[in-house]
Amino acid sequence: IREAGVQEGLVTVGVKGGEAAVGVCEYTDGVVARLKEVTASWLGSKSPGPIQGSAGRSYSVPGTLASLCYGMTLTMPINKGRLLMEPWLSVVLFDFAGRSQRREYYVHILGDDSKKEKPAPPPDQGFV
């Protein structure tokens, strides 16, 4: 946000692929442990085996369900050049795949850059 120079607007953070989610929480060991417990409790202990996706890639059913429930994107407001959230909170990428792998994410910033000089508006053409 600082690099983009946006003062007012929105930022969207998302994760590519399944079995992952993006969220906001207080990122401490206790919160992460409790999140794992809660997620495991509503996904159940008897999960079916992996499902086959396109191009031969397999997905875990619990990981896919968790990403669907938590959400793969997060949009937050920007105010005065900062995310509008409490200072103790963090934007966190959750990986439910249960295996080591590379994760790609994206950040899209949309807003008003009121610090930069704007070009003059075009002359009024009037309406016909």
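The values are calculated or read from the model by the stated rules, or taken from the named source; none is laboratory data. Quick caveat: nothing in here was measured; it's all calculated off a predicted structure. Neighbour counts run over all protein chains shown; Cβ positions are idealised from the backbone, glycine included. Just the protein is used for accessible areas: all its heavy atoms, side chains included, with ligands, DNA and RNA removed. Shrake-Rupley method; radii C 1.70, N 1.55, O 1.52, S 1.80 Å.
Report, ordered by the first and then the second residue, all pairs with beta carbons closer than 6 Å, sequence separation of six or more or different chains, a first member in the stretch 1-17 that is in a strand (DSSP E or B), and a second member that is aromatic (Phe, Trp, Tyr) and surrounded by fewer than 17 Cβ atoms within 10 Å (Cβ to Cβ). The qualifying pairs are 14/106; 15/105. Reported count of residues in the stretch 71-83, each being part of a loop (DSSP other than H, G, I, E, B) and more than 23 Å from residue 40 (Cα to Cα), is 2. Considering only residues in the stretch 63-77 that are of a type in the set (A, V, I, L, M) and modelled with pLDDT of 85 or more, the one that is least open to solvent (accessible area, probe 1.4 Å) turns out to be 76. Residues in the stretch 84-113 that are part of a loop (DSSP other than H, G, I, E, B) and open to solvent by 70 Å² or more (accessible area, probe 1.4 Å): 84, 86, 87, 88, 98, 99, 100, 102, 104.
Here residue 60 clears all of (1) at pLDDT 75 or above; (2) open to solvent by less than 90 Å² (accessible area, probe 1.4 Å) except the condition numbered (1). Within the option set 15, 24, 6, being open to solvent by less than 40 Å² (accessible area, probe 1.4 Å), closer than 23 Å to residue 104 by Cα and of a type in the set (A, V, I, L, M) holds for one residue only, 15. Candidates 118, 80, 46: the one that is over 25 Å from residue 16 (Cβ atoms), at pLDDT 80 or above and open to solvent by 90 Å² or more (accessible area, probe 1.4 Å) is 80.
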